[in-house]
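S.K.: One structure coming up, written as structure tokens, with questions to follow.
The values are calculated or read from the model by the stated rules, or taken from the named source; none is laboratory data. Predicted model, so just to flag it, every value in this text is computed and none were measured. Heads up, the Cβs are rebuilt from the backbone with ideal geometry, glycines too, and the neighbour counts pull from every protein chain shown. Side chains included, ligands, DNA and RNA excluded: accessible areas come from the protein's heavy atoms. Shrake-Rupley method; radii C 1.70, N 1.55, O 1.52, S 1.80 Å.
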Amino acid sequence: MTPRQPQAPKARTRGVRVVEARRLLLKLPKVTAGRSYGMPSFLLNGRFLARFRDDDTVLVLQLATISERDVLMELDPHAFFFTEHYRNYPAVLVRLAEVARPLLIDVVTEAWRHVASLPPPRPRKKPRRSRNA
């Protein structure tokens, strides 16, 4: 019987750390850290692109269409999903521990292209002050 050779550690094929996802988003042109609906988010030209949720284990990502989300969920149902809140909204939720890094890069880049193609958001109206104040 021959002694067993130690095996090299296997390369991680699935899973992206939060710091990696954050770095990926912030490296994209014109993406900044900001707030959307009071939550820390990643904005592109003032528009929502992505945010973390569920103790930073899930990335919410803006998509062009709900059909894109359906394709992603068919492609990798362990990594991509949605909740009832996002049912009628073109966004996908990404389990960072389950997604393959190259796939996340492709999906985030495509989401960036979509949001970058949108017109700038309209300025929000400031609330009117009452005369009694």
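S.K.: Determine if the stretch 101-115 includes at least one residue that is at pLDDT below 95, open to solvent by less than 40 Å² (accessible area, probe 1.4 Å) and of a type in the set (S, T, N, Q).
M.R.: no
S.K.: Among the residues of the stretch 43-95, what is the count of those that are open to solvent by 70 Å² or more (accessible area, probe 1.4 Å) and either within 12 Å of the chain's Cα centre (by Cα) or small (Gly, Ala, Ser) (or both)?
M.R.: Residues meeting the conditions: 3.
S.K.: How many of the residues making up the stretch 36-85 are farther than 19 Å from His114 by Cβ, in contact (Cβ under 8 Å) with a residue 24 or more places away in the chain and among the β-branched types (Val, Ile, Thr)?
M.R.: Adding up the residues that qualify gives 2.
S.K.: Follow-up question, since we're still on this one. If I filter the stretch 51-72 for residues that are within 24 Å of Gly15 (Cα to Cα) and aromatic (Phe, Trp, Tyr), do I get at least one hit?
M.R.: Yes: one or more hits.
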